[in-house]
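Visitor: Dumping the structure here so I can ask a few things about it.
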């Protein structure tokens with residue numbers, strides 16, 4: 001006579017089935033779902049993507065590039081810049097870097113940034129003429 005085997009579901013070992021009389025876990029074909037939470041907190045509901053409102057994302061202050069704080073002091077250096085370019089046969093960038101290294105360009109930035117600003121203003125001035 002063939003012995004009947006009784007299989008019951010287990011609440012441990014990842015949903016493996018246990019056979020009666022043998023506590024060795026046996027794999028099953030189904031995966032159990034997570035138990036329902038016993039929390040009294042309400043469920044969070046559907047997720048909503050929240051973007052920045054136009055009022056918050058607007059940049060404060062003037063539009064970048066419209067405020068020229070050092071325009072007058074930079075334009076006062078144009079004759080010196082042109083003199084260096086002619087006398088020593090330098091490019092505008094190289095001449096501006098020499099002025100920046102000598103501390104003659106106004107501003108608190110790095111010498112490379114000050115020289116770049118001066119050259120940009122110089123070329124804009126020359127194009128406008």
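Any read-out appearing in this document is the output of simple, stated calculations on the displayed coordinates, not a laboratory observation. None of the values given here were measured: they were computed from a predicted structure. When we count neighbours, we look across all protein chains shown, and the Cβ atoms used for this are built from the backbone with ideal geometry, even at glycine.
Visitor: Which order do the peptides 82-92, 113-123 come out in when sorted by mean C-beta neighbours inside 10 angstrom, highest first?
Guide: Ranking, from highest mean packing down: 113-123, 82-92.
Visitor: Give the Cα extents of the range 71-128 along the principal axes, in whole Å, largest first.
Guide: Principal-axis extents of the range 71-128 (Cα, largest first): 27, 25, 15 Å.
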